[in-house]
Amino acid sequence: MDFPGLINYWIVIILMMVGFYIVIAQGNLIKKIIGLNIFQVSVFIFYITVGKVSDGSAPIMAAGIDTYSNPLPHVLILTAIVVGVATTALGLAMIVRIRTAYNSIESDEIERAEILEDDK
Amino acid sequence: MFRSIFLAVVLFLLWLVLSGIYTPILISFGVLSAIIVAWIAYRMDVADHEGFPIQLSWKAVSYWPWLIVEIIKSNIAVAGLILGSRENIKPILIRIPANQKTELGQVTYANSITLTPGTVSIAVGENMIDVHSLSKAAAEDLKQGVMHDKVCRLEDLNYPLPKTK
Amino acid sequence: MMTRHTILRVIAKFMIPYILLFALYVQFHGDFGPGGGFQAGVIFAAGFILYSLIFGIENGRKVMPPWLRRALLSIGVIIFGGTGLFGLILGGNFLDYNVLLENPVAGQHLGILLVELGVGITVSATMITIFFVFASQDQ
Amino acid sequence: MFVAASIAILIAMLLAIVRAVLGPTIYDRILAINTFGTKALLLIATIGFLTERPEFMDLALVYALINFIATIAIMKFFRFSHLGYPQGKDEIGDL
Amino acid sequence: MAVEVISWLFVGIGSLFLLIGAIGLLRLGDIFARIHAAGLIDTMGLGFLILGMCFYSGFTLVTAKLIIIGIFMFFASPVSTHALSKAALDGNIKPEVDEDQRPDKRRLGAEE
Amino acid sequence: MLLTGISVIFIRNLFAVVVLAGMFSLLAAVLYVVLDAVDVAFTEAAVGAGISTLLLLGTLALTTDKELAKTKIKIIPLLLVIFTGSVLILGTRDMPNFGDAKAPANLHVAPRYIEESMKETGLPNMVTSVLASYRGYDTFGEVVVIFTAAIGVLILLGQGYRKSRRGSGKIINKNSGEAE
């Protein structure tokens, strides 16, 4: 395996797995949202690293520079970040409602409360 | 109202400094933005004598160099304290008077205290400021009241000089 | 008014106009440097949030009442869509800016400017709305 | 020269992260994030000079701005455990 | 050439103070002491680095923006520091001090 | 950066977790600057470090900032995560090297944007011209998404919410009872 050339992907993957672990293994809903954010950021970094060109510069025209990084991933990620914050807001709003309904933000407790309700 | 207009002019100057591109369309956007922001500021009621202290501007210019020299001096002292042994660090809490007439003056004073490392103003009350200081020397310096008098003079040129201890 | 605590209020009063101006600067210079509608919207909202944090949500509401917020929310989308539709009416495709003016390059420039403005308005209105909704809940 | 400066900033950032993770009280963490923001600002500026395109100073300015607002918001939240207006008291601008 | 040397010098001093501040952030005993170390970073570190960069870039728009950043931090950093220390005091954290020269031990302006 | 991410798992005080998340976001933004994505870094700094932190804090204020369950390593998810990670790392062997100008992603439409956008739109910032002109449809859809999210939050936490609480006999402060 080509060590220095691929290290960016490995970092991305480790980061992604950390986020993934938080999402599936943590009970707390707010932690889950943060895990989701970490996962998201890892995907963003993946896109940006793919678009990076060695010796390239930021894709804003200026005199005397002729290698630019790929602007397309930047555009995609730019929109993705804002959509990400919109979804985060929506998720957090749902957490607030869940809290008023079940008086808890731990997923196991919510499950328990639901079972209790079904039994009635 | 006068202040709002003046604020708009200042904002437009800031725009020119930031922009760096002087085509007619962008300059007209600049005028527009400055007017919009000044109007919002007028609605928010932030462009009053506290929010936009033009009455102080000239005196402030004479105060800042002195403050910067003070900051550098105390910085070196604090750096020595951090690198030195732990025994030298003797934190101290003091309460010092702040007889500035306006709240703006008090704020300037408190901020100056905080800006000089080694002393942090932790609470501001009526005519009093609580200060946490990293060493006794810095606290003694503050008690001398040099900075206090400077800020007072900044506020009003005719301020009678209080007796310095 | 004898409020006990003054530092934040005074400094916030001093800084808010400049933050808002900076937001507008980012908005209109997105074509030349980093920046654009998204960033400008968020910074504008941040300046506004600072105001509401320090002077209270009620004052923030007075400066920007709910109807204005909701109107801005839709106006942004309408500007964006309207620009696209205008291109359609003038004989181009949806969101085709070449036909907006005689000169295609100038048309592109105008189109991009309008679109960015729409994005900025929507984003800032969204952020302010979400903040107000979250902050005005009681526990 | 800017390489040395950015390495110094990176080391300082690392120390700030250590403080944030260790931080016995919540205030230590807030302090850490505040200084961390300052360092990020400086790092952006130095990187601008390193890559010889220093015209992106707007970025650093945004950092300063957002850092300040975030710190104020965190403090406000922590004092009242609410982002809204503290009701019933004359506490406009208090923190 | 002389300008370059000056800018080197300033950036060097700035970095040095930055590092000292960061060490202080780790080393000092309690939160109130650490605030002083952070103040070191905010004033000397930032100020000198920005000054050095100003000299390096010469008389351009970049310099203007750097100066704006400097002025902004000049106003903003004491405010956040002050807010932090006040909140810490309200949060019932007792500063470790050698002597407390305040007449009464309550914080100023506290209602209670 | 990894350190902050991992420590998010172990700290039980949610408030500290939020602070660390803000730090994580700042670091990501610095990384974007290093990778030449100035516009993205701009957005990340404003959105990730500013607005998201605020929103998380708002949620904490409305719920609770203590995590109840003790954090322990759960074996099955950990194994799953390690397995997925190793498969992905194996998959990267076919990926182009970092910074490779000949990578497939950089050969498709990007050269055209870089060459032509200045001539076609007259704007030096390619990201803006691609965002608003070439990819205008995407951006339009995305603005609509934000709009929808705002409406969604309003529906979830706005007027209807208030009414139901008022119906339950709880006294609501006059100042905060405004319909959103």
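You will find that of A:113, A:25, A:89, the residue that is among the small types (Gly, Ala, Ser), surrounded by fewer than 23 Cβ atoms within 10 Å (Cβ to Cβ) and facing chain F (nearest Cβ under 7 Å) is A:25 and no other. Picking from residues in the range A:41-55 that are part of a loop (DSSP other than H, G, I, E, B) and either more than 7 Å from chain F (Cβ to nearest Cβ) or under 13 Å from residue F:38 (Cα atoms) (or both), the one that is least open to solvent (accessible area, probe 1.4 Å) is A:52.
Just one of the listed residues (E:3, E:11) is more than 7 Å from every other protein chain (Cβ to nearest Cβ), touching a residue at least 24 places away in the same chain (Cβ under 8 Å), farther than 30 Å from residue B:93 by Cβ and assigned to a helix (DSSP H, G or I), and it is E:3. Is the range C:45-62 home to any residue that is of a type in the set (Ser, Thr, Tyr) and either under 23 Å from residue F:45 (Cα atoms) or surrounded by fewer than 21 Cβ atoms within 10 Å (Cβ to Cβ) (or both)? Yes, there is a match, as at least one residue in the range C:45-62 is of a type in the set (Ser, Thr, Tyr) and either under 23 Å from residue F:45 (Cα atoms) or surrounded by fewer than 21 Cβ atoms within 10 Å (Cβ to Cβ) (or both).
To keep it simple, each residue is scored yes or no on (1) within 8 Å of chain E (Cβ to nearest Cβ); (2) open to solvent by 10 Å² or more (accessible area, probe 1.4 Å).
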{"site": "D:20", "(1), (2)": "no, no"}
{"site": "D:25", "(1), (2)": "yes, yes"}
{"site": "D:36", "(1), (2)": "no, no"}
{"site": "D:41", "(1), (2)": "yes, no"}
{"site": "D:46", "(1), (2)": "yes, no"}
{"site": "D:54", "(1), (2)": "yes, yes"}
{"site": "D:57", "(1), (2)": "yes, no"}
{"site": "D:60", "(1), (2)": "yes, no"}
{"site": "D:64", "(1), (2)": "yes, no"}
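If only residues of the range B:15-32 that are open to solvent by 40 Å² or more (accessible area, probe 1.4 Å) and within 11 Å of chain E (Cβ to nearest Cβ) are counted, the one that is modelled with the lowest pLDDT is B:21.
Looking at residue B:83, is it at pLDDT 75 or above, out of contact with any Ser or Thr (no Cβ under 9 Å at 6 or more places or on another chain), within 15 Å of residue E:36 (Cα to Cα) and open to solvent by 20 Å² or more (accessible area, probe 1.4 Å)? Answer is yes for this residue.
Being at pLDDT below 75, among the hydroxyl-bearing types (Ser, Thr, Tyr) and in the same structural domain as residue B:142 (by TED's automatic domain parsing) is not true of residue B:121.
Just one of the listed residues (F:92, F:59, F:71, F:63) is buried (at least 24 other Cβ atoms within 10 Å of the Cβ), at pLDDT below 80 and either of a type in the set (S, T, N, Q) or under 16 Å from residue A:42 (Cα atoms) (or both), and it is F:59. A single member of F:155, F:76 is open to solvent by 60 Å² or more (accessible area, probe 1.4 Å), modelled with pLDDT of 65 or more and more than 28 Å from residue C:73 (Cβ to Cβ), and it is F:76.
A residue that is in contact with a Gly (Cβ under 7 Å, 6 or more places away or on another chain) and either modelled with pLDDT under 80 or farther than 19 Å from residue A:31 by Cα (or both) occurs somewhere in the range F:46-56.
Put simply, of A:77, A:105, A:34, A:30 the only residue that is open to solvent by less than 20 Å² (accessible area, probe 1.4 Å), touching a Leu at 6+ places or on another chain (Cβ under 6 Å) and modelled with pLDDT of 80 or more is A:30.
When the range F:125-151 is filtered for residues that are in contact with a helix residue (DSSP H, G or I) (Cβ under 7 Å, 6 or more places away or on another chain), at pLDDT below 80 and open to solvent by less than 60 Å² (accessible area, probe 1.4 Å), the ones remaining, listed by number, are F:126, F:127, F:128, F:129, F:130, F:131, F:132, F:133, F:136. Residue count for the range A:87-112, restricted to those that are in contact with a Ser or Thr (Cβ under 7 Å, 6 or more places away or on another chain) and in a helix (DSSP H, G or I): 6.
Pick out, from the range C:1-67, the helices (runs of 4 or more DSSP H) lying fully within it that include 2 or more residues that are of a type in the set (Gly, Ala, Ser) and more than 7 Å from every other protein chain (Cβ to nearest Cβ).
Fully inside the range C:1-67 and qualifying: C:7-28, C:37-55.
The values are calculated or read from the model by the stated rules, or taken from the named source; none is laboratory data. Because the structure is predicted, anything quoted here is derived from the model rather than measured. Cβ atoms come from the backbone with ideal geometry, glycine included; neighbour counts cover every protein chain shown. The area values use the complete protein model at the heavy-atom level, side chains included, leaving out ligands, DNA and RNA. Shrake-Rupley method; radii C 1.70, N 1.55, O 1.52, S 1.80 Å.
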